[in-house]
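First the structure, in the form of structure tokens, and then the observations on it.
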Amino acid sequence: MQQLNGFILSSHYYNSNNGIELQYYVSTDEGVVKVKVTNFRPVFFVESKADQFSLPGMVERKKLSLKSFTKEPVDAVYFNNQASLFEGKDTLHARGIRTFESDVRPTERYLMERFIGGAVLISGEGKRVGKYLEFVNPKLAPGNFFLNPKVLSIDIETSFGNDLYSIGVHYYQGEQEVKKVFMVAEENKVINEELEYYTGEAALCRAFAEHFKQMDPDFLIGWHVIGFDLMFLERKFIQYNIPFNLGRSGEKVRLNERKGVGFFCTIPGRVVLDGPPTLRGAFYSFENFKLDTVASELLGTKKDISATGSAKVEEIERRFKEDKESLAKYNLLDCTLVSDIFKKTGLIDLCITRSKISGLVIDRLGSSTGAFDHLMLPHIHRKGFVAPNVLDIERDTHAAGGYVMEPKTGIHENVAVLDFKSLYPSIMKTFKIDPYSRVMSDVNPVETPTGHKFSSTEYILPNFITELFEKRLMAKQNNDHHLSMAIKILMNSFYGVMGSPGCRFYHSELPTAITGTGQWILLESIKYFENAGYEVLYGDTDSVFVKLKPEDAFKIK
């Protein structure tokens, strides 16, 4: 029996006639391993009173001691693969039979029910299959692992049209690094250890793919790397009939664009991080998110070509024709600038920490509702309930926002700004506000100032908030910025998630109770200061601006 601690890089599932297979690529001290789960049965729930039915791919319908949020008993319906589950859900909905949790991803359900978040302990017998150690149906449990990732930054240079000039790569792991530029030229030639020429785009693409496999990165980074670089390269690989298979075991790169959301990339066994959206997700803001702007502000360094638009492309084309080594320098600098930005901000470490805290695989970190599911669903099940599908949530009235006081304009001296620390999470913690306590509000109820009732003894989220408060305090004491930020991002998402109709736990009473209580606290605070003879100049959601008395200002000085 082998035991390995590791960190989950990616998760995927595959349907077959024989069932469903979940796959996880995990980085361990023994290298990257592949975990296959073939004994998992996809499941959704239906009310026990629903008529009997038989569906293609359905394995069994099983009575459980679980209930819906309306406290109706439910049965579990198991399938042999996810495709049959989707088909069964649609068939039942057409018959007017409601399903519950039929939209939960099987790879996420498997991890959340085992309380696994990012780090995992694998127990089983591993077998060498090709390049990687493979575990089939091992025992998975929460683990403890520090990931020292292999990172590859890439950047391509192109013409105005469809010509690929060069591909630059910067690989690093800790202090180790490799820099290289692959460039189209009239002959195959190694110029130096950082520059190689290839006769034609096809040869260039093959050389890059081979180098990529040799470097075998855990993380692929770049600037608009998904929406531009990888999509351009995919077209080139297709043009020359070269498999665009950069996955850990030679799987195909999958690229897509979701309208109004952005570009997405899946490479099994690897994590793809695009600079601008990753920085935005960490609450960085700049005048704009051009590489030159961000590099200048964070690193004090600029790109080699300062021109923009058509002038920039014209200079790139000139260098390609007249000074290839200068173009290679420019190409490589763009790669290293991205690497340096990621190192300076600690973006990769932050993403790893957020994955451990939220439970989501890194490519799903942008889904705050997914993180909430990962936290709530397994606890809800252990409390005897199942949750609705997201699309079945009733979209009723939205909650009001925070209170904003009309400011007293003018120039004021000796003003104290008093801020409530983590106001909304504190309200949830104090009044035991969460989806489960709302359902159980008839058990030892506690009432908010808005008149909403929640159970003072039956709750889930307030315990988790207390735990996060303690972890964040410890993180600050240990100067662990990434853990502190990861916890802040997660805690700040709770109110927004419960107030979003895109969350399966949404109910208007949840956000209304939180914001309404927040307004009450702010108004009571304003009243308190005014009764004590202080002038309140402004108040907004979780802070008040109070004009101090002369004696107070003197004491502060």
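Over the chain, average the accessible area per residue using a 1.4 Å probe and give it in Å², no decimals.
47
In the neighborhood of Asn256, defined by Cβ-to-Cβ distances under 13 Å, what is the net charge if each Lys or Arg adds +1 and each Asp or Glu adds -1?
With Lys, Arg at +1 and Asp, Glu at -1, the net is +1.
Checking the cross-link filter: which lysines have an alpha carbon closer than 28 Å to that of Lys547, excluding same-chain neighbours under 8 positions apart?
Filter leaves Lys408, Lys421, Lys527, Lys555, Lys557.
Could you tell me how far the Cα centroid of segment 234-280 sits from the Cα centroid of segment 352-371, in Å?
If we compute the Cα centre of each part, the gap is 19 Å.
Taking just the alpha carbons, could you work out the radius of gyration and Dmax for segment 455-557, both in angstroms?
18.2, 53
Could you work out the Rg to Rh ratio of segment 103-167, with Rh taken as the Kirkwood radius (inverse of the mean 1/r over all Cα pairs)?
1.22
Taking the Cβ of Leu537 as the center, what net charge do the other residues with Cβ under 9 Å away carry, scoring Lys and Arg +1 and Asp and Glu -1?
The answer is +1.
In percent, how large is the relative contact order of the chain, given Cα pairs closer than 8 Å and 6 or more residues apart?
Across the chain, relative contact order equals 12 percent.
Return a whole-number percent for the relative contact order of segment 144-247, with Cα pairs under 8 Å and 6 or more residues apart as the contact set.
About 25 percent, as a whole number.
On a full-extension model of 0.36 nm per residue, what is the gain between Ile191 and Asn39, subtracting their alpha-carbon distance, rounded to one decimal in nm?
Contour length minus the Cα-Cα distance gives 49.4 nm.
Under the classification rounded if a/c is under 1.5, otherwise prolate if a/b is larger than b/c and oblate if not, where does segment 221-359 fall, given a ≥ b ≥ c as square roots of the Cα gyration tensor eigenvalues?
Here segment 221-359 falls in the oblate category.
Grab the DSSP H runs of the chain that are 4 residues or longer, score each as -39,500 (n - 2.57), total them, divide by all residues and round the 222 nm result to the nearest 500 deg cm²/dmol.
-11500 deg cm²/dmol
Do any of Lys453/Lys488; Lys302/Lys329; Lys303/Lys344; Lys236/Lys324 go past 24 Å between their Cα atoms, and which?
Flagged as over cut-off: Lys453/Lys488.
What does the C-alpha gyration tensor say about the overall shape of segment 149-238? Classify as rounded when a/c is under 1.5, otherwise prolate if a/b is larger than b/c, or oblate.
Taking the square roots of the gyration eigenvalues as a ≥ b ≥ c, segment 149-238 is oblate.
Let me make sure I get this right: for segment 1-72, a, b and c are the square roots of the gyration tensor eigenvalues over alpha carbons, sorted descending. Under 1.5 in a/c it's rounded, otherwise prolate if a/b > b/c, else oblate. Which is it?
The shape class here is prolate.
For segment 50-170, which whole percent of the accessible surface, found with a 1.4 angstrom probe, sits on carbon and sulfur atoms?
50
Students often check this: by mean Cβ neighbours within 10 Å, which of 224-233, 131-140 ranks highest, and how do the rest follow?
Per-residue mean Cβ counts within 10 Å order the peptides as 224-233, 131-140.
Heavy atoms only, probe 1.4 Å: what % of the accessible area of segment 193-271 goes to carbon and sulfur, would you let me know?
C and S fraction of accessible area: 49 percent.
Based on alpha-carbon atoms only, what is the radius of gyration of segment 247-289 relative to the globular estimate 2.2 N^0.38 Å?
Output field value: 1.42.
How much of the accessible area of segment 417-557, in percent, comes from carbon and sulfur atoms when a 1.4 Å probe is used?
53
The values are calculated or read from the model by the stated rules, or taken from the named source; none is laboratory data. A quick note: this is a predicted structure, and the numbers were derived from the prediction, not measured. Backbone-built Cβ (ideal geometry, glycine too); neighbour counts: all protein chains shown. Calculation scope for accessible area: heavy atoms of the full protein, side chains included, ligands and nucleic acids excluded. Shrake-Rupley method; radii C 1.70, N 1.55, O 1.52, S 1.80 Å.
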